[in-house]
Amino acid sequence: MEAEASSFETSEMLARFLGSTPLLPESWKLCARSNVMAPQGFLVDEVGGVTYVAFSGVQSLDGLNPCCGNLVPLSIATTGVSPVYGGGDGGLFPALQKQSDENEVMVDAGLLQLFLTIYHSPIFQNQMFEIKRKQKPVVFTGHSIGGAIASLSSIWLLSYYQSVSSPPSVICFTFGSPLIGNESLSRAIHRQRWGGNFCNLVSKFDIMPRLLFAPLAPINTHLRTLLKSWQLTMNSPFFIRDLGVQLTEHEKSELFHFVLRYVDATVRSPGVITNSFVPFGNFMFCSSDGGVCIDDTVAIVRMLHLTFASGSPSLCINDHLEYEAYVDKISLQFLNRTQDEFYESNTYETGVTLASQLISTDQEHMVKPIKDCLRVVRRIGPTPNRNSAELAIGLSRIAPLRAQIEWYKAVCDESDDQLGYYDSFKLRGASKRDFKVFMNRMKLGEFWKNVIDMLENNQLPHDFHKRAKWVYASQSYKLLIEPLDIAEYYRSGEHRRNGHYLKHGRPRRYEILDKWWRERDIYGENDNNNNSKNRSKFASVTQDSCFWAKVEEARSWVESVKCESDPRVLAALWVNVENFEQYASRMVERKEVSIDVLAKNSSYMLLMEDLRVLKLQLPYFSPQIYGVLDRKVLP
């Protein structure tokens with residue numbers, strides 16, 4: 001069967017859509033104002049219920065030298081950050097923590113420092129507090145270096161909003177921004193499904209978006225002269241050109257060919273891209289006739305090379321100051337299209353042709369290479385919607401596996417040994433039934449791991465993880481199967497080798513499914529209202545899939561109490577035990593546990609009995625423990 005191609009959404013069509021909205025012109029207007037009125041700062045404005053935050057492209061050059069061009073771990077932004085401002089254990093960017101199978105997420109040192117300087121300012125904190133309080137859509141934007149600060153600000157706010165249910169939209173528009181990070185950053189952005197939140201406008205010849213493909217040390221003098229000249233013009237109320245010291249024609253040529261050589265090398269050696277700067281999000285390439293959008297990283301790099309190589313030393317410098325004209329052209333691109341042209345451009349090949357013609361104006365020799373580049377964007381294989389449909393079929397096929405485990409749970413809960421579901425699996429023998437449950441658990445885990453891998457590789461619709469069917473199916477899987485995973489972890493002794501399950505053994509897929517459930521916004525229901533309803537009978541499955549992991553940890557604390565002699569350590573252990581007791585009591589009171597939790601010989605009931613006996617022996621322990629049990633302040 002022939003592979004199905006996706007509809008052409010990331011080129012001339014998307015550019016026309018953006019041109020039909022006020023987002024681009026409003027973003028540029030505030031960028032231009034911030035360049036003049038807020039050097040080294042930012043401006044905030046509200047238009048049509050949308051808050052725009054524009055960062056000035058006129059920034060201190062001292063912050064870019066010698067750091068600019070050097071990649072540093074994004075995690076350094078965690079140092080000294082208050083949890084009130086989005087810090088804490090995860091720092092400013094908790095969503096972009098390094099995955100075990102990936103290189104460190106890294107960003108440009110100089111650009112990160114500029115962002116942190118603004119971020120820690122009281123003015124910025126006050127503005128962000130108001131934005132978060134109002135819960136309105138926000139657009140971060142910036143020209144030149146200001147665009148890089150806008151990108152980092154967007155990543156920060158998107159990370160913050162991960163802990164908020166039904167967060168408002170966050171969009172980032174940049175104009176001639178330098179790249180900001182490595183391939184791991186690009187992967188992390190796409191893994192979080194944030195690529196569509198970023199739109200980077202790049203003019204055909206502008207050197208700035210290509211600059212960080214090259215090492216900056218050999219061109220430092222030329223670069224500082226160029227940046228000073230650009231910033232003087234950007235800061236001028238009348239946008240007067242050629243202010244300050246200018247590069248000579250020879251120096252322009254040196255700069256252009258030096259950067260071009262490294263852009264060319266990046267295209268020719270894509271395998272080396274891991275340790276260099278890599279684009280992310282959508283890139284809108286602008287020309288005097290309009291623009292085209294691309295979201296494929298490889299195609300973006302190729303287009304950056306093709307368009308830049310067709311320019312000249314003078315064009316690569318002058319084009320950085322032409323974004324106002326390009327924004328106007330993109331709006332006209334939408335207004336000037338006839339109805340017939342709209343219908344005609346909705347086919348894939350016509351879209352490619354229109355896009356390549358727009359970006360290669362007056363350069364006929366560029367049409368074919370750009371067409372070939374745009375075809376890279378076309379997906380090979382099934383579309384996201386088709387993948388989603390096939391997964392739905394797969395979900396129905398694994399339903400019998402779930403049903404068999406549900407039957408196994410019912411049998412365990414009614415068994416005469418009164419062990420319950422969790423302990424029956426943990427203490428299982430070598431029966432055929434137990435082995436089948438073990439294998440079904442493995443197959444279900446593989447299915448959901450594959451679902452998450454496909455989502456993170458952009459092979460599923462962008463809102464897949466918000467669809468009611470998949471949110472509820474994933475939650476049902478997690479509540480039924482994770483107790484078995486916990487049982488296997490402790491049965492096999494992994495906790496003795498690696499530590500307890502919650503911190504050292506929990507598969508990543510469960511953390512992601514937790515996030516799906518937390519962020520659900522299905523049918524517009526208020527979860528608080530739903531949770532407030534009292535159950536009339538115990539749940540069919542315990543509503544905290546990690547309940548048994550917490551029981552196992554509590555058992556280890558109780559065992560430690562029996563042999564611990566240090567009063568302060570004892571006191572700390574009793575605090576942990578009491579916190580668990582309160583948590584478990586609430587779960588039982590609300591009937592949010594399955595009946596197997598209360599089985600006579602379950603780990604939980606044995607723990608409660610052990611704890612009751614231990615409390616009777618309290619006179620043999622340090623008197624300081626009484627303060628904990630009576631909820632008094634410890635000495």
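Output yes when any residue across segment 425-445 is closer than 15 Å to Phe547 by Cα, surrounded by 13 or more Cβ atoms within 10 Å (Cβ to Cβ) and more than 25 Å from the chain's Cα centre (by Cα), and no when none is.
yes
Which count do you get for residues in segment 454-490 that are among the basic types (Lys, Arg) and over 27 Å from Ala399 (Cβ atoms)?
Matching residues across segment 454-490 total 0.
Can you pull out every residue in segment 467-491 that is open to solvent by 50 Å² or more (accessible area, probe 1.4 Å) and either without any contact (Cβ under 8 Å) to a residue 60 or more places away in the chain or of a type in the set (A, V, I, L, M) (or both)?
Correct list: Arg467, Tyr472.
I'd like the full set of residues that are within 21 Å of Ile300 (Cβ to Cβ) and modelled with pLDDT under 85, limited to segment 8-28.
Within segment 8-28, Phe8, Glu9, Thr10, Ser11, Glu12, Met13, Leu14, Ala15, Arg16, Phe17, Leu18, Gly19 meet the criteria.
If you take just the helices (runs of 4 or more DSSP H) that sit entirely in segment 172-284, which of them hold at least 2 residues that are farther than 30 Å from Glu519 by Cβ and in the same structural domain as Gly146 (by the TED database)?
Correct list: 220-235, 249-268.
Only one of (1) closer than 25 Å to Asp295 by Cα; (2) at pLDDT below 70; (3) open to solvent by less than 50 Å² (accessible area, probe 1.4 Å) is not met by Cys31, so which one is it?
Single failed check for Cys31: (2).
Please go through segment 72-99 and give me each residue that is open to solvent by 40 Å² or more (accessible area, probe 1.4 Å), over 15 Å from Tyr160 (Cβ atoms) and either modelled with pLDDT under 50 or more than 17 Å from the chain's Cα centre (by Cα) (or both), ordered by number.
If the condition is that a residue be open to solvent by 40 Å² or more (accessible area, probe 1.4 Å), over 15 Å from Tyr160 (Cβ atoms) and either modelled with pLDDT under 50 or more than 17 Å from the chain's Cα centre (by Cα) (or both), then Ile76, Thr79, Gly80 are the ones that fit.
For segment 299-347, name all the residues that are at pLDDT 90 or above, within 17 Å of Thr174 (Cα to Cα), in contact with a helix residue (DSSP H, G or I) (Cβ under 8 Å, 6 or more places away or on another chain) and not hydrophobic (A, V, I, L, M, F, W, C).
Residues satisfying the conditions are His320, Tyr323, Glu324.
Could you please find all residues in segment 380-435 being closer than 21 Å to Arg467 by Cβ and among the polar types (S, T, N, Q)?
Thr383, Asn385, Asn387, Ser388, Ser396 - these are the residues of segment 380-435 that are closer than 21 Å to Arg467 by Cβ and among the polar types (S, T, N, Q).
Would you please list the contacts, defined by Cβ atoms under 8 Å and residues six or more apart or on different chains, that run from a residue in segment 136-161 that is in the same structural domain as Trp28 (by the TED database) and open to solvent by 10 Å² or more (accessible area, probe 1.4 Å) to a residue that is assigned to a loop (DSSP other than H, G, I, E, B) and basic (Lys, Arg)?
The qualifying pairs do not exist here.
Suppose we keep only residues that are surrounded by fewer than 16 Cβ atoms within 10 Å (Cβ to Cβ) and among the polar types (S, T, N, Q) within segment 587-620. Which one would you say is modelled with the lowest pLDDT?
It comes out as Gln617.
I'd like the residue in segment 301-334 that is charged (D, E, K, R) and either outside the structural domain of Met234 (by the TED database) or surrounded by 20 or more Cβ atoms within 10 Å (Cβ to Cβ) (or both) and, out of all such residues, is farthest from Pro178 (Cα to Cα).
Of everything passing the filter in segment 301-334, Arg302 is farthest from Pro178 (Cα to Cα).
The values are calculated or read from the model by the stated rules, or taken from the named source; none is laboratory data. Keep in mind it's a predicted model, so treat the numbers as computed, not measured. Note that we place each Cβ from the backbone using ideal geometry, even for glycine, and neighbour counts take in every protein chain shown. Remember, those area values only see protein heavy atoms, side chains included, never the ligands or the DNA or RNA. Shrake-Rupley method; radii C 1.70, N 1.55, O 1.52, S 1.80 Å.
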